[in-house]
Amino acid sequence: MPGGARAGAAPRVVADAPALDGLWKGQLKVPGGQLEVIFRFVKLTGGEYFATMDVPLQKVSRMAVKTEVKGDTVRLFAEEANSRFVGKVSADGKQMVGLWQQPGFKVPMTLAFSPLPAMNAKNVRLTPPYREEEATFSNLTINTRLAGMLTIPAGPGPFPAVVLLSDAGPQDRDGTVGDFAPLGLLADYLTRRGVAVLRFDDRGTGKSGGTPAVTTADLVSDAQAGLNYLRTRPEIDLAHLGLVGHGEGGNVALLAAAQPLPPAFVVALAAYGLPGRDIVVQQQATTLRTLGTETAQIESATKRQQAMLEIIRQTTDNAQAQAIVANMLKQNNAAIDNATAQSSAAEMTSPRYRYFLAFNPVEKLAAVTCPVLLLNGTSDLTINADANLNALKNGLNKNKSVTVKKLQGVNHLFQPDQTKWPVINGQPQPNFSPEAQETIREWIVVQAKK
């Protein structure tokens, strides 16, 4: 939930709604050119959709999108960008034609459908020099079965091992965003180099049962269930069993390390160090800046956002809080209709969002005694590297084995600068930062020698 991504999973779906599962891509015409916009829809086991938005040229990735579906009409609201798209799905389900709106700006936009690619996952598993097994294990705390993939290096073992934990929002086992699968790529890299890896579909996603978790703390039992599963495997070195978490997954890993039966080590990739309410305000300002919004407008939007979050914090009566927030949203953006404002207000006053606003990532870090590697990228527009690394480092000040590193030019998905992407079929394709991969592997190997 940190990062606001979980806030995107509050849609309504009617019985005759079109199938949206997949990617919807379109060109947004803006002054001076155009931007590719990519919406990603993942249908959850409960029938709702979890949606995010990418604007690659503006380095916007996995922005939370609230979704409402009525018949063939789809309403999408990206609160962080103060933007809205309303479109109609064609009869063949291949196009969505509609209108993009921001304060003072309206433009038609057409989205084209494409299925979620499995390209990266297939490439990762193309005759790999290691064993791979479909893995299922139980989280007895919530009586739910989780499913994923265990990859084991060639040889007799036992091997050091890690459980990969995904970023905020329901994610598949590869952490797929658009056509990029960071967890799948990292799992392949580590397993080829002697580290066993378990990665799994989040609750309510892919082959895993249950419904998406409400809070970051809820996810700790999933991480613990993954560790316990690996403890049953003879190929695994039980003394060197760790957690590697991305974004919110990094916070889940740190929380698990503060519990009984902790991991032997933790790698936190772009984890949150600041309270949720600070993250929300920071992210909105960064997003508006990347979309070319003027400084005065950004400052005004930030103040309105802070006022709204304070209303939510102080108003415990949900009905009253929703009414106030809906009114504030409409006053802040005339393009928002009543239904969208009310839907957004309901999500912003939900237990999930209230938890996130109050979530303090450093609160329990004093209990973390295992070695910790904190990695962040300087080009991360979701998590400010300096502010969040410093907060986590201070929270772990009693821990004598903390390594902190900033990776130049690396973004929130741990992709390097685009100039360093490999060219495939004449087109640059995103990759997981080789520097990040090797930093993680080398640090894990050091821990395995202790």
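Pairs exceeding a 26 Å alpha-carbon distance, out of Lys393/Lys449; Lys25/Lys106; Lys43/Lys106: Lys43/Lys106.
Taking every DSSP bridge with both residues inside region 136-259, close to 50 percent are antiparallel. Whole-Hz Karplus values for region 159-174 come out as 10, x, 9, 9, 9, 8, 10, 7, 6, 4, x, x, 10, 7, 4, 9 Hz, taken residue by residue from phi with 6.51 cos²θ - 1.76 cosθ + 1.60 and θ = phi - 60°; glycine and proline positions read x. Pair-distance distribution of region 223-275: all C-alpha pairs, bin width 10 Å, starting at 0; shares per bin in whole percent are 26, 52, 19, 3, 0. Residues in region 145-157 carry Karplus couplings, in order, of 8, 10, 10, x, 10, 10, 10, 10, x, 5, x, x, x Hz; the curve used is 6.51 cos²θ - 1.76 cosθ + 1.60 with θ = phi - 60°, and Gly or Pro positions show x. What is region 246-371's relative contact order, in percent, from Cα pairs under 8 angstrom and six or more apart in sequence? Once normalised by length, the contact order is 37 percent. Ranking Glu132, Glu347, Glu80 by solvent-accessible area of protein heavy atoms (1.4 Å probe, all protein chains present), from largest to smallest, gives Glu132, Glu80, Glu347.
The calculated pair-distance distribution of the chain uses every alpha carbon pair, bins of 20 angstrom beginning at 0, and gives 26, 59, 15, 0 percent.
In this view, the solvent-accessible surface of Tyr355, computed with a 1.4 Å probe and all protein chains in place, comes to about 60 Å². Split the accessible area of the chain by element, probe 1.4 Å, and carbon with sulfur accounts for 52%. At the listed q of 0.13, 0.26, 0.30 Å⁻¹, the Debye profile of region 265-313, built from one uniform point per Cα, gives log10 I(q)/I(0) equal to -0.38, -0.96, -1.10.
Just check region 342-450 against the gyration tensor rule for me: Cα atoms, a ≥ b ≥ c as the square roots of the eigenvalues, rounded for a/c under 1.5, and otherwise prolate or oblate depending on whether a/b exceeds b/c. It is oblate, given that a/c is not under 1.5 and a/b is not larger than b/c. Note the angle between two axes, namely the Cα long axis of helix 295-314 and the longest principal axis of the Cα atoms of the chain, as a number of degrees from 0 to 90, rounded to the nearest 10. Value to nearest ten degrees: 80.
Close amide H pairs (under 5 Å, H built 1.01 Å from N) link Ala154 with Arg131, residues at least 5 positions away or on another chain. Heavy atoms of the protein chains alone define the surface here; on that basis region 194-282 has 26 Å² accessible area per residue at 1.4 Å probe size.
Per residue, region 294-450 exposes 50 Å² of solvent-accessible protein surface, assessed with a 1.4 angstrom probe and all protein chains in place.
Under a GNM of the chain (C-alpha, springs under 10 Å), which listed residue has the highest mean-square fluctuation: Met63, Met149, Met53? Greatest mean-square fluctuation among the candidates belongs to Met149. Classification of region 266-419 by its C-alpha gyration tensor yields an oblate form. The axis ratio a/c (a ≥ b ≥ c) is 1.5 or more, and b/c is at least a/b.
Going by accessible surface with a 1.4 Å probe and the largest first, Ser379, Ser433 read Ser379, Ser433. For Glu435, the accessible area of its heavy atoms, probed at 1.4 Å with every protein chain present, is near 90 square angstrom. Classify region 141-195 from the C-alpha gyration tensor, please: rounded if a/c falls under 1.5, else prolate or oblate depending on whether a/b exceeds b/c. Note, shape of region 141-195 comes out oblate. Using only Cα atoms, find the angle between the long axis of helix 220-231 and the longest principal axis of the chain, and express it within 0 to 90 degrees, rounded to the nearest 10. In the chain, helix 220-231 runs at an angle near 30 degrees to the longest axis. Using a simple spin-label model with pseudo-atoms 7 Å out from Cα toward Cβ, Lys364 and Ala339 lie 4.0 nm apart.
In this view, the solvent-accessible surface of Asp72, computed with a 1.4 Å probe and all protein chains in place, comes to about 70 Å². For the chain, give the share of DSSP beta bridges that are antiparallel, in percent and rounded to the nearest 5; count only bridges with both residues there. Around 75 percent antiparallel, to the nearest 5. Helical runs assigned H by DSSP (4 residues or longer) give the chain a calculated mean residue ellipticity at 222 nm of -9500 deg cm²/dmol, each run adding -39500 (n - 2.57) before division by the residue total. Helix 276-290 axis versus longest C-alpha principal axis of the chain: approximately 70°, rounded to the nearest ten.
Taking 45 Å as R0, compute the FRET efficiency from the Cβ-Cβ separation of Glu36 and Gln331 and round it to 0.05. Result of the calculation: an efficiency of 0.90. Around the amide H of Asp167, modelled in the peptide plane, lie the amide H atoms of His246, Gly249, all under 5 Å away and 5 or more residues distant in sequence or on another chain. Within straight-line reach of Lys29, meaning a Cα separation under 16 Å, sit the following aspartates and glutamates at least 8 residues removed in sequence or on another chain: Asp54. Ranked by the mean number of other Cβ atoms within 10 Å of their residues, highest first, the peptides 438-444, 369-375, 293-299 come out as 369-375, 438-444, 293-299.
Indicate, rounded to the nearest 5 percent, the antiparallel portion of the DSSP beta bridges found entirely in region 297-450. Counting DSSP beta bridges with both partners in region 297-450, the antiparallel share is about 25 percent.
What the Cβ-Cβ distance of Gln320 and Glu438 gives, at R0 = 41 Å and to the nearest 0.05, is a FRET efficiency of 0.20.
Extending 7 Å from Cα along the Cβ direction at Glu299 and again at Ala217 yields two label points whose distance is 3.9 nm. Remark: relative contact order (the chain) = 14 percent; criterion is Cα-Cα distance under 8 angstrom and separation of 6 or more residues.
The values are calculated or read from the model by the stated rules, or taken from the named source; none is laboratory data. All of these numbers come straight from a predicted model, not from anything done at the bench. Ideal geometry is used to build each Cβ from the backbone, glycine not excepted, and the neighbour counts take in all protein chains shown. SASA here: full protein model, heavy atoms, side chains in, ligands and nucleic acids out. Shrake-Rupley method; radii C 1.70, N 1.55, O 1.52, S 1.80 Å.
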